[in-house]
Amino acid sequence: MKTIKEISSLETYSVRHPVLREGQSMDSCKFDGDDLTSTIHLGLYINAALVGVVSVFEKNHVFFDSKKQFQVRGMAVLKHHQKMGYGEELLFEAENHAVKYYGTLIWFNARENAVGFYEKKGYQICGDSFFIENIGKHFVMFKKLNPIRF
Ligand SMILES: CC(C)(COP(=O)(O)OP(=O)(O)OC[C@H]1O[C@@H](n2cnc3c(N)ncnc32)[C@H](O)[C@@H]1OP(=O)(O)O)[C@@H](O)C(=O)NCCC(=O)NCCS
C-alpha cells in the first residue's frame, strides 16, 4: 500500500542521506529552517517503508516578486524506487501544501541532473547555473501556482 504523510525532519534523513548526501556526515542532512513551524516534511511510504521525501519551506527568493513563495528542498526517492512516479506524487503534494497556505510561487535550487524531471512538471529555469559545494551544478527553477487546483 502506498501512502504520503507528514513526517519529522529527522525521519527524512533515511532518504536524504543515501540519495542527497552520500558519503557525507549525517549532520549534512540538516537544513536551515527544518524545524520551523511553517516547514513541512512529507514522506512516501510503500507499506511501512519510507522510500521518498520532500520538504517545503515558506521562503521568498530575491529573483521573484510574488508575495508568498515556498521553497522545495530535499526532494529525493531511494534509488531502487526511482522512475515509478513517486517523485511526481511528492512534488504534487508539496504544491498542494503551498496552495493551501496561499503561496503564489514555488522555487528551488535544482540539481542539474533533475532539471528534466522538474521541466516535465511545468517548472522553468531562472538565471544562470551556479555551484553548491560538495554537490555540484544547480539552477534556480520556479513555477507560478494556480490557486484553483482542487
Ligand atoms: C529526481 C527524482 C526526485 C525524481 O523522482 P522519481 O520518482 O524518480 O521521478 P518520477 O518517476 O515521478 O518521474 C516523473 C517523470 O519525470 C521523469 N524523470 C524522472 N527523473 C528524471 C530526471 N532526472 N531527468 C529527466 N526526467 C526525469 C520520469 O521519466 C517521468 O517521466 P514520464 O512522466 O514521461 O514517465 C529522483 O529521481 C531522485 O531522487 N533523484 C536523485 C536525487 C535528486 O536529484 N533530487 C533532486 C534534487 S534537486
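The values are calculated or read from the model by the stated rules, or taken from the named source; none is laboratory data. Owing to the predicted nature of the structure, the values given are computational and were not obtained by experimental measurement. A quick note on method: Cβ atoms are made from the backbone with ideal geometry, for glycine too, and the neighbour counts reach across all protein chains shown. Heads up: the accessible areas ignore ligands, DNA and RNA and are worked out on the full protein's heavy atoms, side chains in. Shrake-Rupley method; radii C 1.70, N 1.55, O 1.52, S 1.80 Å.
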* Structure fact -> Considering residues that are in contact with a Leu (Cβ under 9 Å, 6 or more places away or on another chain) and among the β-branched types (Val, Ile, Thr), the number found within the stretch 113-150 is 1
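Please enumerate the residues belonging to the stretch 1-33 that are open to solvent by less than 90 Å² (accessible area, probe 1.4 Å) and among the hydrophobic types (A, V, I, L, M, F, W, C).
Scanning the stretch 1-33 gives Ile4, Ile7, Val15, Val19, Leu20, Cys29, Phe31.
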* Asked: Given the conditions (1) among the polar types (S, T, N, Q); (2) closer than 30 Å to Met1 by Cβ; (3) more than 15 Å from the chain's Cα centre (by Cα), and given that Thr39 satisfies all but one, which numbered condition is not satisfied?
  -> (3)
* Structure fact -> Scanning the stretch 68-105 residue by residue, those open to solvent by less than 30 Å² (accessible area, probe 1.4 Å), within 16 Å of the ligand (Cβ to nearest atom) and without any contact (Cβ under 8 Å) to a residue 40 or more places away in the chain turn out to be Phe70, Gln71, Val72, Gly85, Gly87, Leu91
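Could you tell me which residue of the stretch 106-116 is farthest from the chain's Cα centre (by Cα), considering only residues that are open to solvent by less than 70 Å² (accessible area, probe 1.4 Å) and of a type outside the set (Val, Ile, Thr)?
Taking the stretch 106-116 first, the residues open to solvent by less than 70 Å² (accessible area, probe 1.4 Å) are 106-111, 114-116.
In the following step, the residues that additionally are of a type outside the set (Val, Ile, Thr) were identified as 107-111, 114, 116.
Numbers: Trp107: 9, Phe108: 7, Asn109: 9, Ala110: 9, Arg111: 11, Ala114: 11, Gly116: 15 Å.
Step by step, filter the stretch 106-116, then rank; the result is Gly116.
What number of residues within the stretch 117-130 are free of Cβ contacts under 8 Å to residues at least 60 places away in the same chain and either open to solvent by less than 40 Å² (accessible area, probe 1.4 Å) or not in a helix (DSSP H, G or I) (or both)? Can you show your working first?
Restricting attention to the stretch 117-130, the residues satisfying the condition of being free of Cβ contacts under 8 Å to residues at least 60 places away in the same chain are 117-125, 128-130.
Now narrow it down to the ones that are either open to solvent by less than 40 Å² (accessible area, probe 1.4 Å) or not in a helix (DSSP H, G or I) (or both): 118, 121-125, 128-130.
Residues that pass the stated criteria total 9.
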* To do: Of the numbered conditions (1) assigned to a loop (DSSP other than H, G, I, E, B); (2) open to solvent by less than 50 Å² (accessible area, probe 1.4 Å); (3) aromatic (Phe, Trp, Tyr), Phe63 fails exactly one; give the number of that condition.
  => (2)
* To do: Taking the residues in the stretch 131-150 that are surrounded by 10 or more Cβ atoms within 10 Å (Cβ to Cβ) and among the aliphatic types (A, V, I, L, M) as candidates, determine which candidate is modelled with the lowest pLDDT.
  => Ile135
